Amino acid sequence: MSIPLSVPGRAELIDHLVRTRIAGVVATPRANSLDHYRKLAHGDRHHWLGVELGDRWRDEQDVLAVMAERCGVSDDPELRTGPDYIDPELTVAALERAAAFLRKAAETGQRVLLATGHPGGLLDVHRMTAAALRSAGCEIVALPLGLTADEGSVHPVADVAVYERGAALWHTHSPAPMAAILDGLALAGRPLPDLVVADHGWAGCAAQRGIDAVGYADCNDPALFLAESEGTLRVAVPLDDHVTDPRFYEPMTAYLLWYAGLLG
C-alpha cells in the first residue's frame, strides 16, 4: 500500500524513539511503575488488563524482574525516584516480532481486529496498520452495532475500535470494551478475529480469550508483559503510549509496516 511515511533504518528509529521519549528515558515516573507492580501483585484487577493472572505473580519482585527483562526498566527495587526507562532496543525487537504476525495475517488473508484505549496517542498507529492490512487483503473485522461497556459505547473510528463516553473518545485500560466486541460477534454468529492488534485491556482480554494478540504497553502496565512471558499474549511492545505529539509515532509505524512487508 502507499502510505506517505518515510521508513527509518533501525539505528535511526532507535535514535528517534529516544529523542521523542517513546523509549529511553520516558515521562512515566519510576515510583508510579513500582506502585502499579505492587498493586498487580496484590491482586488489583484493574492492573491485570483483562489477563487472568491467578496467584502466579504475588511477589512484586518477580513482576519487576519480568519488566526488566522485557521492557528494560531497572531491576533495582531500591531505585524509586526519577523517570522510568524503556530500552529502545527492546521496543524495536518487539516491533519486529509484531511485524511477523502482520505479515502472516496479510499472507493468509486473516480477519484482524484493531482497537485502542489510547485514542489521543495510538489511534493513528492502529489506523495506518488497519489500512495497510486491508490493502494487503485482510478482512478488518466490522463491529456489531449498539455495543456498550462501562457506561459508554464501543464503535469504530477509521477501522479502529474505540470507547466513547459523553460524546468524547476516552482513554481506558478496561478489558470490558473488547469483551463486548467479542461477545457481540459471537451473539451475531460471526467469526471471531484471527488476530487482534490493540493495547492494554483490549489486547489482554483478546489474549485471555485465546486469540492471537499483539499489544502496546507502557512500563507502568506490566500485565501484558507477564502475559507475553507466559505465552498468553503473542507480543508486548514496550513504549510510552501517550507522548506529547502523536505524530512522533509515525516513523515507528512506518518501520513496523515495512518490516511486515506491507509498504511499497
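Of all residues in segment 178-204, those being in contact with a Ser or Thr (Cβ under 9 Å, 6 or more places away or on another chain) and either in a helix (DSSP H, G or I) or modelled with pLDDT under 95 (or both) number 5. Checked against the criterion of being over 20 Å from Leu79 (Cβ atoms), surrounded by 14 or more Cβ atoms within 10 Å (Cβ to Cβ) and within 20 Å of the chain's Cα centre (by Cα), segment 23-38 has no qualifying residue. Among the residues making up segment 224-250, those that are within 10 Å of the chain's Cα centre (by Cα) and either among the aromatic types (Phe, Trp, Tyr) or not in a helix (DSSP H, G or I) (or both) are Val235, Ala236, Val237, Pro238, Leu239, Asp241. Summed over segment 241-264, the residues that are buried (at least 24 other Cβ atoms within 10 Å of the Cβ) and out of contact with any helix residue (DSSP H, G or I) (no Cβ under 9 Å at 6 or more places or on another chain) give a count of 0.
Applying the selection to segment 132-169, what residues are closer than 12 Å to Gly201 by Cβ and not in a strand (DSSP E or B)? Scanning segment 132-169 gives a single hit, Asp150.
The residues in segment 69-94 that are of a type outside the set (Val, Ile, Thr) and either under 14 Å from Glu228 (Cβ atoms) or under 18 Å from the mean Cα position of the chain (by Cα) (or both) can be counted, and the count is 11.
The lone criterion from (1) surrounded by 15 or more Cβ atoms within 10 Å (Cβ to Cβ); (2) free of Cβ contacts under 8 Å to residues at least 24 places away in the same chain left unmet by Arg165 is number (1).
All of Glu228, Glu250 fail the test of being of a type in the set (D, E, K, R) and closer than 17 Å to Arg127 by Cβ, apart from Glu250.
I'd like to check something: does segment 177-187 contain any residue that is surrounded by fewer than 17 Cβ atoms within 10 Å (Cβ to Cβ), more than 17 Å from Leu95 (Cα to Cα), without any contact (Cβ under 8 Å) to a residue 12 or more places away in the chain and among the aliphatic types (A, V, I, L, M)? Looking through segment 177-187, at least one residue is surrounded by fewer than 17 Cβ atoms within 10 Å (Cβ to Cβ), more than 17 Å from Leu95 (Cα to Cα), without any contact (Cβ under 8 Å) to a residue 12 or more places away in the chain and among the aliphatic types (A, V, I, L, M).
Table: residues versus (1) out of contact with any helix residue (DSSP H, G or I) (no Cβ under 8 Å at 6 or more places or on another chain); (2) under 24 Å from Ala27 (Cβ atoms).
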residue	(1), (2)
Ala179	no, no
Leu187	yes, no
Ala206	no, no
Leu226	no, yes
Glu230	yes, no
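In segment 213-222 there is no residue matching the filter, namely being out of contact with any Leu (no Cβ under 6 Å at 6 or more places or on another chain), buried (at least 22 other Cβ atoms within 10 Å of the Cβ) and in a helix (DSSP H, G or I).
Look at segment 30-54: where a residue is of a type in the set (A, V, I, L, M, F, W, C) and a partner is surrounded by 14 or more Cβ atoms within 10 Å (Cβ to Cβ) and assigned to a loop (DSSP other than H, G, I, E, B), sitting 6+ places away or on another chain with Cβ atoms under 7 Å, you get Leu40/Trp48; Leu40/Trp57; Leu40/Pro222; Ala41/Trp57; Leu49/His173; Leu49/Pro175; Leu49/Asp221; Val51/Thr232.
The values are calculated or read from the model by the stated rules, or taken from the named source; none is laboratory data. Source: prediction; values computed, not measured. Note that we place each Cβ from the backbone using ideal geometry, even for glycine, and neighbour counts take in every protein chain shown.
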